[in-house]
Amino acid sequence: MQPSQHKSRIRPLGILALLVVLGAGLATAINTAKNWNATAAARRLKNPVPPTDDAIAAGRQVYGEHCRSCHGEKGDGRGQKAAELSVAPGDFTDAPAMRRRTDGELFWQITRGRLPMPAFADKLSDQERWQVVDYIRAFADKPSGTSSAAPLTSLLQAPRKLPSCPAPSGCRSF
């Protein structure tokens, strides 16, 4: 076999191997984008912030600043930026879907994010993320056709310092 024949056989094999690797990477990326399942440990997390009026009001404040533009004022996934996104924002008014998710799962999703939604682990405290969980739960608890308590625009105020997480072992337990 002459050297030129040997090279001509190796080149197609190299291209084929490259295509296989790229295809596997693409398949993994697609699966990851579709599959946004929390870990079993995250699903078992219990919300250390009881859904009191104060916690829900604090969650409403954070939601208005960080979530409303995509998830919408009513939590229905129809915010002003929703149409621009590659993935539709979650609809928190879908009561059956919200009942299937644990508080820990919602906390995990807020913490980790998934494109196009950013991760909030470094943007919001544990306390704030649990308060958002309490607030978004309220969307599914509302009768159809009604929105949550007060309009978000009336509740936006200067940021305030929140107390640390009340859980004895801290909130980062997964």
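FYI, it's all coordinate maths here, none of it is from the lab. What you see is a predicted model; the values in this text were computed from it and never measured. Cβ coordinates were reconstructed from backbone atoms using ideal geometry, including for glycine residues, and neighbour counts include every protein chain displayed.
Using the C-alpha gyration tensor of the range 40-154, what are the square roots of 5 times its eigenvalues, in whole angstrom, with the largest one first?
Values: eigenvalues 70, 59, 42 Å².
Equivalent-ellipsoid dimensions as semi-axes: 19, 17, 14 Å.
DSSP loop trypsin sites (Lys or Arg not before Pro) in the range 32-93 with at most 12 other Cβ atoms within 10 Å of their Cβ, which ones?
The qualifying sites are K46.
With charges only on Cβ, +1 for K and R and -1 for D and E, what is the dipole size of the range 40-154 about its Cα centre, in debye, rounded to 20? Walk me through the numbers on the way to the answer.
Working: 17 positive and 15 negative charges, 78 e Å.
Magnitude of the dipole: close to 380 debye.
Using a Förster radius of 30 Å, what is the FRET efficiency between A121 and R11 based on their Cβ-Cβ separation? Nearest 0.05, please.
Values: r = 45 Å, r/R0 = 1.52.
The computed FRET efficiency comes out at 0.10.
How far apart, in nm, are the 7 Å Cα→Cβ label points at R99 and V20?
4.8
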